[in-house]
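Chemist: To start, I am sharing the structure in question, which I have written as structure tokens.
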Amino acid sequence: MASRDIVQYRSPGRRLLSILTVVFLAAYLVWTILPLFIMFVSSFKDLLAAFQLPEVGDWLSIGVFFDFKPTAKHYVDLFVDNNFGTYLVNSIVAAGGSAVVSVVLGSMAAYALSRIEFRGKKDLFFWIISTRMAPVVAVMVPLYAIFRGVGLVGTLPGLILAYTTFNLPFAIWMLKGFFDNVPYAIEEAAMCDGCTRFQAFRAILPLVAPGVGAFLVLCVLFAWNDFLFASIIGSGGAKTLPPATRELVQPQNIQWGKIMAAGVVTTIPMMFLGLLIRRYLVAGLTMGAVRE
Amino acid sequence: MIETPPRPARSLGEAVGETIGFTQEGARYLKYEAGSLNPEGSRRYYFYLMLPAIFVLACITIYPFFWLIYMSLHSVDIGGAGDMWNDFRNWTRLTRDRKFQDGWLRLAHYSVLCILFEVGIGVLLAVILNNSRFEKVLVTIFLMPMMVAPIVAGLVWYYLYNSTFGWYHWLLQSAGILGETSILGDRGTAMWGIVIVDIWQWTPLIALITLAGLKRVPRDQLEANMVDGAGAFKNFFQVTLPNLYPFLLIAILLRFMDNFRFIDAILVLTGGGPANSTKILPLYLFDISFQFFKLGRGAAIALTLLIMTIVLGLILVRVFESPAGKVNQNEEGR
């Protein structure tokens with residue numbers, strides 16, 4: 001805000017306000033991190049330690065939280081007993097496959113859409129964005145019936161296709177905004193130099209490469225974190241990490257250490273990717289309506 | 001604005017020729033080439049580029065949409081006797097279906113609660129973060145919950161809420177806020193339980209959008225208002241907030257749609273219980289379609305949900321196209 005240039009007098013009220021803001025920020029920081037921290041720490045606790053809790057109101061023995069011997073047992077168990085290696089590969093193939101398909105087809109379409117005008121373009125765009133926004137459950141009802149008919153339920157191609165329902169419109173919509181910012185003059189120049197149209201399209205790709213890369217990563221992120229499609233359309237042969245994590249919850253015997261470890265395995269790669277494309281995150285999550 | 005005198009229309013070839021001082025012949029040569037450069041002249045090429053994406057999208061959205069309408073008019077029996085016309089029974093049944101109506105009410109209740117808190121906390125957070133010393137670091141940390149898969153977020157909170165070994169339950173109990181009851185097992189608190197998870201995960205998004213909006217509040221307006229004698233608080237409500245409205249509207253609409261879209265966390269937290277008190281409509285739809293496999297009735301419910309989403313989408317696109325939305329795209333210095 002503008003108040004920076006203006007001389008501020010240190011009144012008691014102002015001091016109180018600054019203390020309050022620091023307290024608020026600290027509280028919010030704890031509130032954000034604590035669940036993730038507990039997930040991370042609990043994934044190294046063995047079964048009994050995970051259930052340890054002080055008596056109600058006994059604030060002093062809060063240290064019992066750290067009172068355990070760290071063990072990597074759960075991580076080993078996941079990959080040895082629970083086949084998490086397969087699920088991890090499934091996740092990578094499904095998320096990566098749909099991201100690549102979406103971004104390749106999407107960038108071609110987005111480029112074309114940004115270069116020509118035609119009647120009904122607005123309607124086309126509305127169709128594209130509304131498919132992105134459609135509730136997953138509602139989309140899944142007919143998709144399940146159709147996929148079942150053609151034998152795509154429980155297969156990775158089916159899952160990739162299902163993820164493409166939300167990733168492709170996303171890619172078209174976001175990349176169109178990117179191509180709009182590339183002046184047509186560049187292609188003109190390339191074509192004057194003797195490029196064909198397709199070569200001219202390739203010539204401007206390096207300019208949009210950062211955006212294309214960022215939206216590829218975002219597509220991976222959306223698909224990776226999906227649970228509903230994976231649990232219905234992928235059930236059987238194409239189980240990915242989220243449904244596999246969910247399956248560890250059994251009414252009789254909830255193995256919290258394992259579940260937390262699975263949570264960490266699912267979460268860490270996405271956090272890393274999120275940080276990698278930090279600059280495009282807000283644009284991506286708001287469908288390009290807001291840019292930082 | 002200074003008006004330039006209107007120039008006679010000329011082709012690109014002529015223009016290039018003029019600029020670089022080509023001979024008449026050269027200019028003619030360029031003009032010949034330039035004819036094919038005109039984007040309007042090569043529609044077919046762009047059409048072919050578009051075709052694969054549009055085709056795939058049509059196959060996985062339009063075709064299923066008509067299939068959905070078809071299903072909503074039949075009793076669908078997967079792998080059994082086949083589909084039977086049933087005289088709109090799927091639809092007439094909705095009017096008598098208490099769970100369907102309650103589902104809508106609960107969805108509204110849930111969404112409003114989530115958005116109210118998220119906007120409140122998010123705006124406060126953004127105002128505090130804006131231009132603070134640690135803005136970059138803090139924003140990066142606050143982003144983390146958004147990267148967590150909703151199902152994992154649900155499971156972690158399920159653990160934290162647990163009435164025998166959950167740390168948050170212990171915390172709340174020790175602070176005297178909560179009695180013996182379990183958070184997710186009680187009809188009064190279960191809704192709050194799922195709302196809090198949503199707040200944890202998605203408040204940062206609102207804060208980020210607001211932060212982007214705050215960066216674009218025109219300085220001169222703030223300063224002019226200050227010269228008029230407004231203090232920081234007055235300034236916020238008189239200048240900053242009105243400038244934020246389009247951003248907040250986008251944020252709220254997006255959150256509404258996401259609340260329609262995602263039920264992953266609720267699915268593991270309560271599964272709709274206790275006594276259906278958290279069974280919001282998408283969850284009811286999930287149960288009908290994929291627990292009981294009544295796909296015909298599911299299709300009718302799905303259609304109502306889709307129509308609602310399309311209405312929200314129309315509003316969102318309006319906002320995108322509004323002058324405020326335009327301004328914020330042009331200002332981007334890319």
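The values are calculated or read from the model by the stated rules, or taken from the named source; none is laboratory data. Predicted model, so just to flag it, every value in this text is computed and none were measured. FYI the Cβ positions are ideal-geometry reconstructions off the backbone, even for glycines, and counts take in every protein chain you see.
Chemist: Yes or no: A:S98 within 24 Å of A:A244 (Cα to Cα), touching a Gly at 6+ places or on another chain (Cβ under 9 Å) and not acidic (D, E)?
Modeler: Judged against the criteria, A:S98 is not a match.
Chemist: Starting from residues that are small (G, A, S) and touching a helix residue (DSSP H, G or I) at 6+ places or on another chain (Cβ under 7 Å), keep the ones in the stretch A:169-217 and report whichever is surrounded by the most Cβ atoms within 10 Å (Cβ to Cβ).
Modeler: For the stretch A:169-217, the residue satisfying everything is A:A171.
Chemist: Just name the residue that is nearest to A:L175 (Cα to Cα) out of those in the stretch A:135-152 that are surrounded by fewer than 24 Cβ atoms within 10 Å (Cβ to Cβ) and of a type in the set (A, V, I, L, M).
Modeler: A:V136
Chemist: Within the stretch A:249-264, track down each residue that is part of a loop (DSSP other than H, G, I, E, B) and surrounded by 22 or more Cβ atoms within 10 Å (Cβ to Cβ).
Modeler: Initial filter on the stretch A:249-264 (part of a loop (DSSP other than H, G, I, E, B)): A:249-255.
Answer for the stretch A:249-264, where residues must be part of a loop (DSSP other than H, G, I, E, B) and surrounded by 22 or more Cβ atoms within 10 Å (Cβ to Cβ): there is none.
Listed here are the residues, each with its yes/no results for (1) within 12 Å of another protein chain (Cβ to nearest Cβ); (2) in contact with a helix residue (DSSP H, G or I) (Cβ under 9 Å, 6 or more places away or on another chain); (3) closer than 30 Å to B:Q201 by Cβ.
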{"position": "B:L68", "(1), (2), (3)": "yes, yes, yes"}
{"position": "B:V76", "(1), (2), (3)": "yes, yes, no"}
{"position": "B:W85", "(1), (2), (3)": "no, no, no"}
{"position": "B:T92", "(1), (2), (3)": "no, no, no"}
{"position": "B:R96", "(1), (2), (3)": "no, no, no"}
{"position": "B:E118", "(1), (2), (3)": "no, yes, yes"}
{"position": "B:L124", "(1), (2), (3)": "yes, yes, yes"}
{"position": "B:K136", "(1), (2), (3)": "yes, no, yes"}
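Chemist: Would a scan of the stretch B:152-164 turn up a residue that is among the β-branched types (V, I, T) and modelled with pLDDT of 90 or more?
Modeler: For the stretch B:152-164, residues among the β-branched types (V, I, T) and modelled with pLDDT of 90 or more: present.
Chemist: Then there is this: Of everything in the stretch A:241-271, what is more than 9 Å from chain B (Cβ to nearest Cβ) and either under 12 Å from A:A214 (Cβ atoms) or under 12 Å from the mean Cα position of the chain (by Cα) (or both)? Give them in sequence order.
Modeler: A:I268, A:P269
Chemist: Can you pull out every residue in the stretch A:21-58 that is of a type in the set (G, A, S) and surrounded by fewer than 17 Cβ atoms within 10 Å (Cβ to Cβ)? Steps first, please.
Modeler: First, the residues of the stretch A:21-58 that are of a type in the set (G, A, S): A:26-27, A:42-43, A:49-50, A:57.
Scanning the stretch A:21-58 gives A:A26, A:A27, A:G57.
Chemist: Further question on the same structure: Is the stretch A:221-238 home to any residue that is surrounded by fewer than 15 Cβ atoms within 10 Å (Cβ to Cβ), in the same structural domain as A:G263 (by TED's automatic domain parsing) and assigned to a helix (DSSP H, G or I)?
Modeler: Looking for residues that are surrounded by fewer than 15 Cβ atoms within 10 Å (Cβ to Cβ), in the same structural domain as A:G263 (by TED's automatic domain parsing) and assigned to a helix (DSSP H, G or I), one finds none in the stretch A:221-238, hence no.
Chemist: Ok, one more. Could you say whether any residue in the stretch B:62-83 is assigned to a helix (DSSP H, G or I), in contact with a Gly (Cβ under 9 Å, 6 or more places away or on another chain), within 28 Å of B:I280 (Cβ to Cβ) and of a type outside the set (A, V, I, L, M)?
Modeler: Scanning the stretch B:62-83, I find at least one residue that is assigned to a helix (DSSP H, G or I), in contact with a Gly (Cβ under 9 Å, 6 or more places away or on another chain), within 28 Å of B:I280 (Cβ to Cβ) and of a type outside the set (A, V, I, L, M), so the answer is yes.
Chemist: Looking at the stretch B:287-297 only, could you name the residues that are under 12 Å from A:I232 (Cβ atoms) and in contact with a helix residue (DSSP H, G or I) (Cβ under 8 Å, 6 or more places away or on another chain)?
Modeler: Passing the criteria: B:S289, B:F290, B:L295.
Chemist: So is A:L47 in the same structural domain as A:D226 (by TED's automatic domain parsing), in contact (Cβ under 8 Å) with a residue 60 or more places away in the chain and touching a helix residue (DSSP H, G or I) at 6+ places or on another chain (Cβ under 9 Å) or not?
Modeler: Details: in the same structural domain as A:D226 (by TED's automatic domain parsing): no; in contact (Cβ under 8 Å) with a residue 60 or more places away in the chain: yes; touching a helix residue (DSSP H, G or I) at 6+ places or on another chain (Cβ under 9 Å): yes.
No, not satisfied.
Chemist: Of the residues that sit in the stretch B:181-218 and are at the interface with chain A (Cβ under 9 Å from one of its Cβ atoms) and not in a helix (DSSP H, G or I), which one is surrounded by the most Cβ atoms within 10 Å (Cβ to Cβ)?
Modeler: Only one residue fits best here, namely B:V217.
Chemist: Hey, can you tell me all the residues within the stretch A:103-155 that are more than 7 Å from chain B (Cβ to nearest Cβ), assigned to a helix (DSSP H, G or I) and farther than 29 Å from A:A238 by Cα?
Modeler: Across the stretch A:103-155, the qualifying residues are A:A110, A:S114, A:K121, A:K122, A:D123, A:L124, A:F125, A:W127.
Chemist: Here's a follow-up. Would you be able to tell me the number of residues in the stretch B:225-255 that are part of a helix (DSSP H, G or I) and more than 10 Å from chain A (Cβ to nearest Cβ)?
Modeler: Residues that pass the stated criteria total 13.
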